[in-house]
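Undergrad: Quick one: the structure is below, questions incoming.
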Amino acid sequence: MSDVNEFMDKLRYYDVSKTPEALLNKVCKNYLAKKQFNIEEVGKKSLAAQGIAIWLKACSNYAFVLRKV
């Protein structure tokens with residue numbers, strides 16, 4: 001991750017609507033559904049990681065809403 005701006009742009013402009021359902025299910029099962037995935041605890045270790053965790057949860061929630069509508 002040598003270019004932080006490029007990484008941030010990838011996050012900022014990520015098109016959630018194109019995320020495969022299989023990937024969403026995998027992320028939910030392997031990360032979001034686990035009790036160890038606690039955004040506040042992540043923030044105690046790293047604010048950058050906390051930001052990514054918040055982004056991941058928000059993208060996941062948005063993607064599932066898109067699929068329901």
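Taken together, the values in this text are just the output of simple stated rules run on the coordinates, not laboratory data. Keep in mind that this is a model prediction, so the values were computed, not measured. Ideal geometry is used to build each Cβ from the backbone, glycine not excepted, and the neighbour counts take in all protein chains shown.
Undergrad: Quick check: from the Cα gyration tensor, does the chain come out rounded (a/c under 1.5), prolate or oblate?
TA: Numbers: a/c = 2.15, a/b = 1.15, b/c = 1.88.
Note, shape of the chain comes out oblate.
Undergrad: Right, here's the next one. Please report, in debye to the nearest 20, how large the charge dipole of the chain is about its Cα centre when each Lys and Arg carries +1 at its beta carbon and each Asp and Glu carries -1 there. Present the calculation step by step, with values, prior to reporting the outcome.
TA: Details: 12 positive and 7 negative charges, 81 e Å.
That gives a dipole near 380 debye.
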